[in-house]
Structure formats: C-alpha cells, structure tokens
Amino acid sequence: MSQYDDQITDEVEGLVRPIYDQIKIWAHGWLHIEKVVSAAEDLAKIEGVDPVLCKIAAYCHDLGRLEEEQKGLVEPTPASPSPHAGFGIRPTEEVLRKVGIIKEDAAKIIEAVEIHNLRKYEGNNEIALILQDADRTNGFGKMGILRLAVFNCEIPIDEPRNEEDIDREIEQVKEILKSDKVSRDRMVETLKHVFEWVDVLANTKSLKNYVQEDYRVNRRFLEEIEKY
C-alpha cells in the first residue's frame with residue numbers, strides 16, 4: 001500500500017517522458033524506462049515495499065542520461081563509473097517538487113537515483129534496493145541482449161518495435177559477432193558481468209526468480225557465441 005494515489009505516477013510519466021525522448025541511445029530511452037518501471041512495481045509488491053514510490057524512482061532513475069550524452073561522457077564499458085546517476089539528481093528533485101512528494105519520501109527516491117548504478121548498495125533504503133534490482137532486470141532476455149549489444153558493444157542496430165524485430169535483430173547481432181572477434185569478446189565479457197547482478201549482487205530474494213526465464217536466454221546466448 002502507498003499513501004500516494006497511483007495517479008501520481010501518470011503525472012511523473014508526463015514530466016519525464018519528454019526528457020527520455022531526447023536521448024539518442026535507445027538502450028537508455030523510453031522502452032528501457034517502461035520495463036524498469038514495470039519490474040520495480042512487481043518487485044516492490046513481492047517484497048512489501050511502497051510500489052508507487054518505487055515506480056516514481058524508476059521513472060526518474062536515468063534522467064541524467066541526457067546530460068551525460070550532451071557532455072560526451074558516455075562510457076560503454078560495463079564496469080565503468082558513469083556520471084548519469086549524479087546528473088539525474090537535479091531533474092529528479094524538480095519532478096518530485098512538482099508532483100508534491102513529501103520531504104522524507106523525496107529523500108529516499110533521490111538516494112535511489114543517486115546510487116542505482118553502483119556495483120553494490122550497502123544501505124537500507126528499500127526503494128534504492130528495489131530500483132537497483134529492477135534496473136538490472138533489463139539486462140536479461142532477448143531485449144536485454146540487444147541493449148547490451150547496442151550500448152556496451154556499440155553494435156549499430158535499430159530499436160526493435162515488436163517480437164519480429166527483436167528476433168531479426170538478435171540474428172543480426174549473432175552474424176556480427178561471428179565475424180568480429182573484438183565485438184564477440186566484448187559481448188562475452190559484458191554478459192559475464194551482467195550475470196553477477198543476479199548471482200552475486202542481488203538486493204532482493206525475488207530477483208533471481210523474477211528473471212529466471214530471461215536469465216536462461218542469456219546463458220544460452222553466451223554458450224552459443226563462445227563457440228564462434
């Protein structure tokens with residue numbers, strides 16, 4: 001349960017959507033945000049955390065990506081530090097002020113945004129714990145593989161719009177990895193890094209079960225490309 005009406009998330013969506021629509025790298029655009037919001041709500045309900053506040057945090061978590069792009073500070077290496085979390089604090093504060101989130105709850109959401117890309121969050125802010133796990137769910141499954149290919153491996157593929165697009169782009173990625181050893185090795189490294197999100201770094205007991213089917217998709221993909 002939440003003290004906030006669920007309608008507030010519609011207001012937040014309306015405020016943040018124009019920012020995400022300006023981001024050039026689609027792996028961090030609106031499709032990613034929608035999926036993280038959905039995962040945040042699901043994990044929050046399973047773990048007994050306020051789902052509305054978790055959804056708001058998810059809507060805001062990558063607002064700093066636009067400034068990161070504009071300043072030319074995008075770094076695709078999976079373990080590299082990224083300034084986007086810090087850049088996201090100011091626009092998140094503005095969104096929370098406009099929709100009337102009280103000071104204590106706003107502080108939790110801002111902390112969640114600020115720490116979401118750390119390797120491991122050691123605090124006890126439940127919203128931050130949920131957000132970090134929710135964000136990581138989007139590295140799994142076919143769409144997760146395409147996001148990793150586009151951002152971390154810098155393979156130029158278009159944003160998929162439906163299942164047919166996804167399957168076609170996956171096959172295209174495979175063909176590229178067969179002929180490009182550098183990209184293949186980079187994808188292998190990236191996938192192994194992503195598996196740690198679940199195997200080593202999960203904040204909630206729910207995460208592994210939540211992504212288990214998509215986790216297996218990544219495993220099969222890794223086994224296939226390691227043979228190239």
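The values are calculated or read from the model by the stated rules, or taken from the named source; none is laboratory data. What you see is a predicted model, and the numbers here were worked out from it, not measured in a lab. With ideal geometry, Cβ positions are generated from the backbone for all residues, glycine too; neighbour counts draw on all protein chains shown.
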Going through region 181-193 one residue at a time, which ones are surrounded by fewer than 22 Cβ atoms within 10 Å (Cβ to Cβ) and hydrophobic (A, V, I, L, M, F, W, C)? VAL182, VAL188
Count - residues of region 1-23 that are at pLDDT below 95 and either within 20 Å of GLU154 (Cα to Cα) or part of a helix (DSSP H, G or I) (or both): 1
Quick one: which helices (runs of 4 or more DSSP H) lie wholly within region 80-156 and hold at least 1 residues that are in contact with a Cys (Cβ under 7 Å, 6 or more places away or on another chain) and touching a residue at least 40 places away in the same chain (Cβ under 8 Å)? 89-99, 103-115, 126-137
Pairs please, first residue from region 5-27 and more than 22 Å from GLU69 (Cβ to Cβ), second anywhere and in a helix (DSSP H, G or I) and among the basic types (Lys, Arg), Cβ atoms under 6 Å, 6+ apart in sequence or on different chains. THR9/LYS55
Taking region 14-27 and keeping residues in contact with a Phe, Trp or Tyr (Cβ under 7 Å, 6 or more places away or on another chain) and either within 17 Å of ALA112 (Cβ to Cβ) or of a type outside the set (Asp, Glu) (or both) leaves VAL16, ARG17, TYR20, ILE25, ALA27
Flagged in region 70-86 as surrounded by 13 or more Cβ atoms within 10 Å (Cβ to Cβ) and of a type in the set (Gly, Ala, Ser), in numbering order, are SER82, ALA85, GLY86
So which residues in region 162-205 are among the basic types (Lys, Arg) and part of a helix (DSSP H, G or I)? ARG168, LYS174, LYS178, LYS181, ARG184, ARG186, LYS192
With the condition kept exactly as written, say whether any residue in region 186-207 is over 27 Å from GLU126 (Cα atoms), touching a residue at least 24 places away in the same chain (Cβ under 8 Å) and of a type in the set (Gly, Ala, Ser). no
